[in-house]
Amino acid sequence: MTKVCYLNLVTFSKTGGIENYNKTFLTALSRQENKEVIAISIYDKAHEHPIINGVKFKNFDGHRLNAVKFLIPRLQHIDILILAHVNLVPVALIAQIFKPGLKIYLNIYGIDVWKKLPFLYQFVLKRATIFSISRYTTETFIKYNPFIKQEQIVYLPPAIDLTIKPGSENPYQIDEYNILTVSRLDSNDNYKGIDSIIKTLPLLTKEIKNIKYTIIGKGSDKTRLENLAQQLGVQNQVQFKGFVEHIEPYYEYCDLFILPSKNEGFGIVYLEAMKYKKPVIAANSGGVTDVVLDSHTGFLCEYDNIDCLTDKILKFSMNGELAIKLGENGYKYLIENFTFNQFTQRLLSFFKGNSYD
């Protein structure tokens, strides 16, 4: 029986791409034969975890030192330590002192590793296996950290749940052309391109009289974006919904999904839209290009290119057949590449190809 420790920052107390990836990874781990899994979370609350058969949970409410104290005496009984974020590498440095032969794995996502890492990290990562969510992240990580070899990295993109609940109500006005964005609105994440979309609206309203732009997400950048819409005179076309608990109907009934961000490690929200066969527009940047294939599963524009964004939105709004075609292509691409079963099989194939049991 191989004993696996999945060390993560947070999985259940926050919502986001990394948190969803953690949930997918843990559920897939629970399906592996001859694996005993414990998940240690630094910031999750003690009571915040679902029941995943085959996974034990230990959460530390932000008490980092207590988490390390819990882990160290158990290292002799652990075969594999999976670090769910690069910021946890220092813990692996300590762990290797107590158990030099410990097998280390690391999950990498986006801007967390699109940079040169501290020198001491080499002592862990030179011998680690690394799961990367996108080809762009792999290439950029190696570029900044040339001590990493290509053969150390395993491509393991995210997956989404394909379940569609029937009977959801349309949250939009049916006589409007509804564009949707789902994103955090934090000031530190103002690279999402939401301001670029707002800037297209004075041009678009001349051609699409019934256009409505819905933004789901909360954060400190909301005021700036609201002010921008006010300054451009398009405040009536922009709707800030904040946090939405039941988000699926917004994907299901929108006409177009758009998020022209330049720093996405992957972009799970595009898959969520493709699940409902919606056309998508993204920026030609980062890991998004693993998902949005220009003119096939959607359109790509250079970051903050207002003319391109305007043109592509108009193309979709004026050509329903094109929107349907690219939406169908996106759904097919999702089914072929990014389901939970495929994620689980990729992980299973990796472990079967490495004699760690």
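When each of 236, 227, 210, 190 is tested for being in contact with a Phe, Trp or Tyr (Cβ under 9 Å, 6 or more places away or on another chain) and among the polar types (S, T, N, Q), the lone residue that passes is 210. In region 323-333 there is at least one residue that is in a helix (DSSP H, G or I) and of a type in the set (Lys, Arg).
Scanning region 199-241 for residues that are of a type in the set (A, V, I, L, M) and either assigned to a helix (DSSP H, G or I) or within 26 Å of the chain's Cα centre (by Cα) (or both) yields 201, 203, 204, 215, 216, 225, 228, 229, 238.
Taking region 107-129 as the range and being touching a residue at least 12 places away in the same chain (Cβ under 8 Å), among the hydrophobic types (A, V, I, L, M, F, W, C) and farther than 18 Å from residue 353 by Cα as the test, the residues that pass are 108, 111, 113, 114, 117, 120, 123, 124, 125. Looking across region 304-357 at every residue that is of a type in the set (Ser, Thr, Tyr) and touching a helix residue (DSSP H, G or I) at 6+ places or on another chain (Cβ under 6 Å), the one that is nearest to residue 203 (Cα to Cα) is identified as 310. The residue that is surrounded by the most Cβ atoms within 10 Å (Cβ to Cβ), among those in region 176-188 that are farther than 22 Å from residue 254 by Cβ and of a type outside the set (Asp, Glu), is 187. Residues in region 78-128 that are crowded, with 18+ Cβ neighbours inside 10 Å and part of a strand (DSSP E or B): 80, 81, 82, 83, 104, 105, 106, 107, 108.
Of all residues in region 50-77, those that are part of a helix (DSSP H, G or I), closer than 21 Å to residue 14 by Cα and in contact (Cβ under 8 Å) with a residue 12 or more places away in the chain total 2. Note on region 22-31: residues that are in contact with a helix residue (DSSP H, G or I) (Cβ under 8 Å, 6 or more places away or on another chain) and crowded, with 19+ Cβ neighbours inside 10 Å amount to 4.
Of all residues being aromatic (Phe, Trp, Tyr), outside any strand (DSSP E or B) and surrounded by 20 or more Cβ atoms within 10 Å (Cβ to Cβ) in region 252-289, which is modelled with the lowest pLDDT? Just the residue, please.
Initially, region 252-289 is screened for residues aromatic (Phe, Trp, Tyr), giving 253, 257, 266, 270, 276.
In the following step, the residues that additionally are outside any strand (DSSP E or B) were identified as 253, 266, 270, 276.
In the following step, the residues that additionally are surrounded by 20 or more Cβ atoms within 10 Å (Cβ to Cβ) were identified as 266, 270.
Values: 266: 92, 270: 96.
For region 252-289, the residue satisfying everything is 266.
On the stretch given as region 131-166, residues that are of a type in the set (Ser, Thr, Tyr), in a loop (DSSP other than H, G, I, E, B) and within 17 Å of the chain's Cα centre (by Cα) total 1.
Residue-wise test of (1) among the charged types (D, E, K, R); (2) at pLDDT 95 or above; (3) more than 18 Å from residue 7 (Cα to Cα).
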position: 115; (1), (2), (3): yes, yes, yes
position: 119; (1), (2), (3): no, yes, yes
position: 166; (1), (2), (3): no, no, yes
position: 178; (1), (2), (3): no, yes, yes
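Filter region 225-262 down to the residues that are touching a Pro at 6+ places or on another chain (Cβ under 8 Å) and aromatic (Phe, Trp, Tyr) and list them by number. Across region 225-262, the qualifying residues are 250, 253, 257.
For region 34-41, check the following and say yes or no: at least one residue is within 30 Å of residue 218 (Cβ to Cβ), at pLDDT 95 or above and of a type in the set (S, T, N, Q). Working first, answer last.
Initial filter on region 34-41 (within 30 Å of residue 218 (Cβ to Cβ)): 39-41.
Cutting the leftovers down to at pLDDT 95 or above gives us 39-41.
Filter once more, keeping what is of a type in the set (S, T, N, Q): 41.
Checking region 34-41: at least one residue is within 30 Å of residue 218 (Cβ to Cβ), at pLDDT 95 or above and of a type in the set (S, T, N, Q).
From the list 15, 11, the lone residue that is buried (at least 19 other Cβ atoms within 10 Å of the Cβ), under 19 Å from the mean Cα position of the chain (by Cα) and β-branched (Val, Ile, Thr) is 11. Mind checking which residues of region 184-202 are touching a helix residue (DSSP H, G or I) at 6+ places or on another chain (Cβ under 7 Å) and modelled with pLDDT of 95 or more? Correct list: 194, 195, 196, 197, 198, 199, 200, 201. Within region 189-226, being without any contact (Cβ under 8 Å) to a residue 24 or more places away in the chain, closer than 30 Å to residue 14 by Cβ and loosely packed, with under 15 Cβ neighbours inside 10 Å holds for one residue alone: 223.
The values are calculated or read from the model by the stated rules, or taken from the named source; none is laboratory data. Quick caveat, the model's predicted, so the values are computed rather than measured. Cβ: placed from backbone, ideal geometry, glycine included. Neighbour counts: every protein chain shown.
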